[in-house]
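Every read-out reported here was derived from the displayed coordinates using simple, explicitly stated rules and does not represent laboratory data. Model, not experiment: these values are computed from the prediction. Here the Cβ positions follow ideal geometry from the backbone for every residue, glycine too, while neighbour counts run over all protein chains shown.
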């Protein structure tokens with residue numbers, strides 16, 4: 001068994017949360033290295049692409065959140081073996097990453113009215129589109145899971161994103177956006193929130 | 001054998017080129033649906049995320065370029081079986097996608113001096129960083145291939161990107177950037193350009 005260390009910010013969400021959840025659900029032991037956000041400026045330039053999460057596998061650093069999710073997903077039995085099911089899982093993870101990246105790109109906008117305008121454009125454009133299309137995919141694949149008719153890292157990826165959207169943490173992104181645009185993703189999110197392994201995880205985190 | 005149809009723009013490059021090359025190198029038959037750039041405005045809104053490439057697998061649409069690359073990479077024997085090697089392959093594909101996405105984000109800037117400023121910031125920031133780090137990865141992994149000590153879709157992904165950078169097609173991105181910053185990636189690019197399968201592919205495309 002490899003020695004695993006995941007480095008990500010010290011909060012329960014964002015790009016590192018899927019890997020934490022996957023390893024916890026799959027009973028894969030790992031060092032949960034949580035970087036205080038205040039330390040980021042001094043840590044940033046020591047990471048390969050000035051970004052986290054990072055996974056160390058016996059000391060070798062792997063970057064890119066979905067590459068990490070896929071690797072730990074295999075260890076945790078939360079990634080499909082079948083190539084077509086794996087492609088469905090990958091597609092969903094990359095689609096979420098795609099839209100999250102566009103939101104993250106607005107974090108640095110300092111002018112508040114400019115930030116509002118950028119977020120409103122995102123909400124009515126890409127965010128609405130991605131929510132609608134992800135809902136269509138979920139429904140086309142049976143309504144419960146995004147791939148392989150079982151829980152995979154794709155479900156965890158969507159779950160962490162939708163939970164964040166609904167939390168209201170993003171200024172100028174209405175917290176009821178998902179409820180209005182993609183109610184089946186809300187059901188999916190609520191179902192995962194009640195998953196015994198996820199409930200147990202958040203009882204201690 | 002599934003019936004495969006790849007839809008992408010009618011030029012030899014960009015996000016769809018890796019899958020075309022992989023299937024051709026691996027002898028995987030597919031329909032090479034090339035969309036004239038002039039038709040894009042009318043095609044765009046009929047694609048799930050308003051983007052190409054798309055892969056149809058027996059009529060089912062798969063989106064997201066690296067999900068497609070991974071799927072066809074498995075069919076073409078250009079994707080690692082070993083999970084750690086697969087993670088190295090995935091990491092490289094996602095890193096390239098990450099920096100390409102930032103460049104693509106500047107395509108829509110209409111003001112020429114604003115576009116120049118955005119491109120110059122990219123060149124001296126993320127593009128330089130990604131080139132340096134990808135070169136480091138290549139060297140750390142033996143200098144010839146990015147994963148599995150053999151040709152994989154990660155090599156094709158880097159190859160298509162570096163070839164584009166060196167072609168001078170992007171205004172305000174110096175065509176000698178890679179030569180100055182990451183000569184080992186230039187060697188890698190030149191080696192792939194001379195790969196018999198790639199030579200044969202471009203003889204007919």
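Between residue B:202 and residue B:180, what's the calculated FRET efficiency when r is the beta-carbon distance and R0 is 22 Å? Round to 0.05.
My answer for the efficiency is 0.25.
If R0 is 30 Å, what FRET efficiency do you get for residue A:11 and residue A:81 from their C-beta distance, rounded to 0.05? Can you show the working numbers first?
On the way: r = 33 Å, r/R0 = 1.09.
My answer for the efficiency is 0.35.
Quick check: pseudo-label points 7 Å beyond the Cα along Cα→Cβ at residue B:38 and residue B:120, how many nm apart are they?
3.6
Could you pull the copy-to-copy label distances for residue B:101, with points set 7 Å along Cα to Cβ, in nm to one decimal and sorted shortest first?
For residue B:101, the inter-copy label distances come out at 0.3 nm.
Using just the helices of chain B, give the 222 nm mean residue ellipticity in deg cm²/dmol: DSSP H runs with n ≥ 4 each add -39,500 (n - 2.57), and the total is spread over all residues, rounded to 500.
On the way: 10 runs with 110 residues, N = 205.
Dividing the helical sum by the residues of chain B leaves -16000 deg cm²/dmol.
Which whole-angstrom value gives the distance between the alpha carbon centres of segment A:90-164 and segment A:8-78?
20
When a/c is below 1.5 the answer is rounded, else prolate if a/b is larger than b/c, else oblate, so apply that to chain B with a ≥ b ≥ c taken from the square roots of the Cα gyration tensor eigenvalues.
Note, shape of chain B comes out oblate.
Restricting to Cα pairs below 8 Å that are 6+ residues apart, what does the relative contact order work out to for segment B:1-135? Please round to a whole percent.
Relative contact order here is 22 percent.
By how many nm would the segment from residue A:193 to residue A:101 lengthen if fully extended, with 0.36 nm per residue of separation less the alpha-carbon distance?
My answer for the length gained is 30.7 nm.
Return, ordered by residue number, the residues of segment A:2-19 whose backbone nitrogen is under 17 Å from a label point located 7 Å along Cα→Cβ of residue B:136.
A:7
Would you mind classifying the protein assembly as shown by shape? Square roots of the alpha carbon gyration tensor eigenvalues, ordered a ≥ b ≥ c; an a/c under 1.5 is rounded, otherwise it is prolate if a/b is larger than b/c and oblate if not.
rounded
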